[in-house]
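Read the figures in this text as sums done on the coordinates, not as results from a lab. Predicted, not measured: the structure shown is a model, and the values here were computed from it. Here Cβ is always computed from backbone atoms with ideal geometry, including for glycine, and neighbour counts include all displayed protein chains.
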Amino acid sequence: MVALGATAQPQTTWLERSHDFGVFMEQDGKVTCHMRVVNSGNEPLIIVKAQAGCGCTAITYPEKPIAVGDTATVNITYNPSGRPGQFSKQAIIVTNTTAKRTILEITGNVIPTAATLDKQYPLQAGSLRISQQSIPFGELAKGENKTQFLSCYNASTDTLLVGVDGALPHLKPAIVPDTVPPGRVTALTVHYLSGKAPLWGLNVDTLTVSCRPLRPSSATAGSASVNVMAQVIENFKNLTDEQRRNAPVVNVDCGNRLDFGEMPRGEKVTRSFVVTNKGKNLLAIRRLWVPDREGVAIKADKLEVKHGKKATVTVTVDSSMLQEQLLNVPLTLITNDPDSPRFTVRLVGIINN
């Protein structure tokens with residue numbers, strides 16, 4: 001009797017473990033499939049719980065025990081709203097069997113509505129839709145590498161060949177896969193090597209994503225620009241206490257404001273400020289930068305400043321090239337001062353017509 005009791009247990013025999021919904025329209029709403037399980041053991045089978053991979057998937061199942069030899073149905077519902085393209089989702093079914101867990105899978109391909117397409121993939125390159133126009137990498141310490149990606153969707157009825165141009169020593173883009181069937185998604189992957197970036201501070205580069213149909217059809221070829229942005233900063237994390245004590249210290253004599261006063265329209269006006277190194281080690285001026293703007297020129301008489309020495313930064317404003325009446329431009333001074341690697345001096349003034 002003890003041996004018989006030890007071997008008595010429920011057992012699951014699934015008649016279906018996966019379901020493909022195929023291609024269907026987002027506007028048709030939720031879709032549901034039914035997967036059947038037979039209790040092929042010799043004790044009642046209980047589905048303890050079911051876990052969906054995300055909120056787009058709902059599962060219902062019988063809560064009462066399933067008798068020996070009986071069949072029960074697990075219903076899996078997928079909500080396609082706002083989720084265009086191909087999908088693959090898993091559901092975990094937990095039972096009172098020895099194996100305990102069973103994984104069920106649903107797949108399909110959602111054809112989006114025009115509203116979803118415009119919202120999820122606003123950038124257009126012919127028949128290819130792209131999820132965003134820029135890839136911001138944020139701050140990267142010099143030497144740090146990072147990878148990001150964005151999605152591209154084939155909104156045509158033909159297979160598209162997709163490519164990307166604009167690779168640079170610090171920028172490695174790729175399209176994987178580069179052959180995209182109708183209604184499928186591919187990824188633009190960008191690997192950023194900040195150690196090879198040409199500038200300290202803000203770097204902005206442009207990639208060109210293009211597509212062409214595999215064969216003549218209603219699909220159209222096209223291209224679009226995607227901007228890649230990164231703030232490359234100096235890595236001070238590994239400085240020793242002694243290195244920090246001896247580090248350069250930047251001091252700007254004009255504070256955070258350089259006033260040009262009133263400037264007659266059409267004239268060039270020059271102002272300057274002095275940068276002093278109040279630290280011990282050499283102060284390196286990495287970059288003097290203003291946002292892309294014609295009419296503002298900056299020059300430093302030296303880019304390396306020894307202890308106690310000074311550098312003069314000269315700023316010339318050509319008022320004839322400025323559209324606004326008020327001058328209000330941030331100038332960023334980037335140095336190797338670990339406590340103040342970026343210092344902003346705001347250029348201000350009034351232009352009289």
(message) Counting only pairs 8 or more residues apart or on different chains, how many lysine pairs in segment 1-137 have their Cα atoms under 27 Å apart?
(response) 11
(message) Taking just the alpha-carbon atoms of segment 227-274, what radius of gyration and Dmax come out, in angstrom?
(response) 18.6, 52
(request) Using a Förster distance of 51 angstrom, determine the FRET efficiency expected from the C-beta separation of residue 83 and residue 284, and round it to 0.05. (result) 0.55
(request) Calculate the tail of P(r) for the chain: the fraction of all Cα-Cα distances greater than 37 Å, expressed in %. (result) 51 percent
(request) Collect residues whose amide H, placed 1.01 Å from N in the peptide plane, falls under 5 Å from the amide H of residue 263; neighbours closer than 5 in sequence don't count. (result) 350, 351, 352
(request) Quickly rank 266-273, 78-85 as a protection proxy: mean count of other C-beta atoms within 10 Å, highest first. (result) 78-85, 266-273
(message) At 7 Å along Cα-to-Cβ for each site, give me the label-to-label distance between residue 348 and residue 132 in nm.
(response) 3.4 nm
(message) Calculate the FRET efficiency for residue 105 and residue 75 from the Cβ-Cβ distance with a Förster distance of 22 Å, rounded to the nearest 0.05.
(response) 0.90
(message) If you only keep lysine pairs separated by 8 or more in sequence, or across chains, how many in segment 123-252 come under 15 Å at the Cα atoms?
(response) 5
(message) Run the Debye formula on the Cα coordinates of segment 115-210, all scatterers equal and no solvent, and tell me log10 I(q)/I(0) at q = 0.18 1/Å.
(response) -0.81
(message) Please list log₁₀ I(q)/I(0) at q = 0.10, 0.11, 0.13, 0.25 Å⁻¹ for segment 1-98, using the Debye equation with identical point scatterers on the alpha-carbon positions.
(response) -0.34, -0.40, -0.53, -1.30
(request) Please build a GNM for the chain, connecting alpha carbons under 10 Å apart, and tell me which residue among 237, 89, 278 fluctuates the most. (result) 237
(message) Taking 51 Å as R0, compute the FRET efficiency from the Cβ-Cβ separation of residue 118 and residue 145 and round it to 0.05.
(response) 0.90
(request) Return P(r) of segment 238-353 (all Cα-Cα pairs; 10 Å bins starting at 0; whole %; ordered from short to long distances). (result) 14, 43, 26, 13, 4, 0
(message) Suppose the chain between residue 309 and residue 326 were pulled fully straight at 0.36 nm per residue; how much longer would it get relative to their current alpha carbon spacing?
(response) 2.7 nm
(message) Explain nothing, just compute: Karplus ³J(HN,Hα) = 6.51 cos²θ - 1.76 cosθ + 1.60, θ = phi - 60°, for every residue of segment 211-224 in order, whole Hz, x for Gly and Pro.
(response) 9, 8, x, 5, 9, x, 6, 6, 5, 10, 7, x, 8, 8
(request) Please list, or write none, the lysines whose alpha carbon is within less than 25 Å of the alpha carbon of residue 309, excluding same-chain residues fewer than 8 places away. (result) 278, 280, 299
(request) Rank 61, 153, 121 by mean-square fluctuation in a GNM of the chain with C-alpha springs under 10 angstrom and give only the top-ranked residue. (result) 61
